[in-house]
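Reading through the structure tokens given below for one structure.
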């Protein structure tokens, strides 16, 4: 089963999602933490952007997730 795993831009052409599974990820980490190495420093979101996110109606969010669920079901 594939897992999310950070990959440096320069390595993208040399890897595929199948390279990172629940069985291989721990061994690929070793003693390093690629999330710390590759991720930018956290950024604070502007208050108005956060507030705008709070105004999205719950029904709209549920409809979005339902659409994604149906699309997944069609692909399988």
| request: Kindly indicate the residue of region 8-23 that is touching a residue at least 12 places away in the same chain (Cβ under 8 Å) and either at positive phi or assigned to a loop (DSSP other than H, G, I, E, B) (or both) and also surrounded by the most Cβ atoms within 10 Å (Cβ to Cβ) among those meeting that condition. | output: 20
| request: Take the residues in region 24-43 that are within 19 Å of the chain's Cα centre (by Cα) and part of a loop (DSSP other than H, G, I, E, B), then tell me which one is farthest from residue 6 (Cα to Cα). | output: 43
| said: Testing residue 52 on (1) surrounded by 10 or more Cβ atoms within 10 Å (Cβ to Cβ); (2) assigned to a helix (DSSP H, G or I); (3) at pLDDT 85 or above; (4) within 19 Å of the chain's Cα centre (by Cα), one condition comes back false. Which one is that? | reply: (4)
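The values are calculated or read from the model by the stated rules, or taken from the named source; none is laboratory data. None of the values given here were measured: they were computed from a predicted structure. Positions of Cβ are backbone-derived with ideal geometry, glycine not excepted, and every protein chain shown enters the neighbour counts.
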